[in-house]
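For reference, the structure discussed in these notes is given below.
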Amino acid sequence: MTGSKIKTSASGSGRKETAKPVIPSATASSAKKGSAAARKVIFQLQTKPGNKVFVAGDFNNWDCTNMELLDKDGNGFYQGELDLKPGTYEYKFHINGMWCVDPENHKFRPNEMGTLNSVLIVK
């Protein structure tokens with residue numbers, strides 16, 4: 001894997017900004033999702049072509065077959081998007097059956113499996 005990015009944009013506005021995930025304070029909870037309008041979140045990962053790449057997290061009940069990232073040009077640049085309400089989310093990439101944290105996101109949180117999840121804050 002050579003890297004990934006997560007971008008967010010206001011739905012329908014066309015404006016894009018790079019999300020800088022941050023680990024929330026100990027009093028914040030990933031279950032607390034805001035009531036504001038959802039924002040488009042674009043997950044991107046650069047890895048070798050021909051992989052099966054998915055993203056899973058608490059936003060889709062950790063379903064590792066639900067959201068496939070596609071490599072439309074066959075060059076190893078995988079991308080997918082979904083709408084998320086403002087809040088804190090945990091996620092991981094699922095590449096060819098193996099769980100991987102986001103190599104470009106250095107914000108992590110320990111999980112029940114004894115590994116780490118990447119953390120994303122959507123504002």
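Out of the residues in the stretch 74-123 meeting the condition of being farther than 15 Å from L45 by Cβ and charged (D, E, K, R), tell me which one is surrounded by the fewest Cβ atoms within 10 Å (Cβ to Cβ).
It comes out as E112.
Residue by residue, here is whether (1) assigned to a strand (DSSP E or B); (2) modelled with pLDDT of 95 or more holds:
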position: S30; (1), (2): no, no
position: F43; (1), (2): yes, yes
position: F54; (1), (2): yes, yes
position: F59; (1), (2): no, yes
position: W62; (1), (2): no, yes
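Determine the pairs where a residue that is on the phi > 0 side of the Ramachandran plot, located within the stretch 68-95, has a partner that is among the small types (G, A, S) with Cβ atoms under 9 Å apart, the partner being 6 or more residues away or on another chain.
Pairs that qualify, where the first residue is on the phi > 0 side of the Ramachandran plot and the partner is among the small types (G, A, S), are G74/G50; G76/G50; G87/S30; G87/A31; G87/G34.
Condition first: surrounded by fewer than 18 Cβ atoms within 10 Å (Cβ to Cβ) and of a type in the set (S, T, Y). Can you find one or more residues in the stretch 40-49 that meet it?
no
Residue check: is G87 of a type in the set (G, A, S) and more than 10 Å from the chain's Cα centre (by Cα)? Show your work before the answer.
Working: of a type in the set (G, A, S): yes; more than 10 Å from the chain's Cα centre (by Cα): yes.
In short, yes.
Out of the stretch 97-123, which residues are aliphatic (A, V, I, L, M) and not in a loop (DSSP other than H, G, I, E, B)?
Those that are aliphatic (A, V, I, L, M) and not in a loop (DSSP other than H, G, I, E, B): M98, L116, V119, L120, I121, V122.
The values are calculated or read from the model by the stated rules, or taken from the named source; none is laboratory data. The model shown is predicted, which means the values in this text are computed figures rather than measured ones. Reconstructed Cβ throughout: ideal geometry from the backbone, glycine too, with neighbour counts over all protein chains shown.
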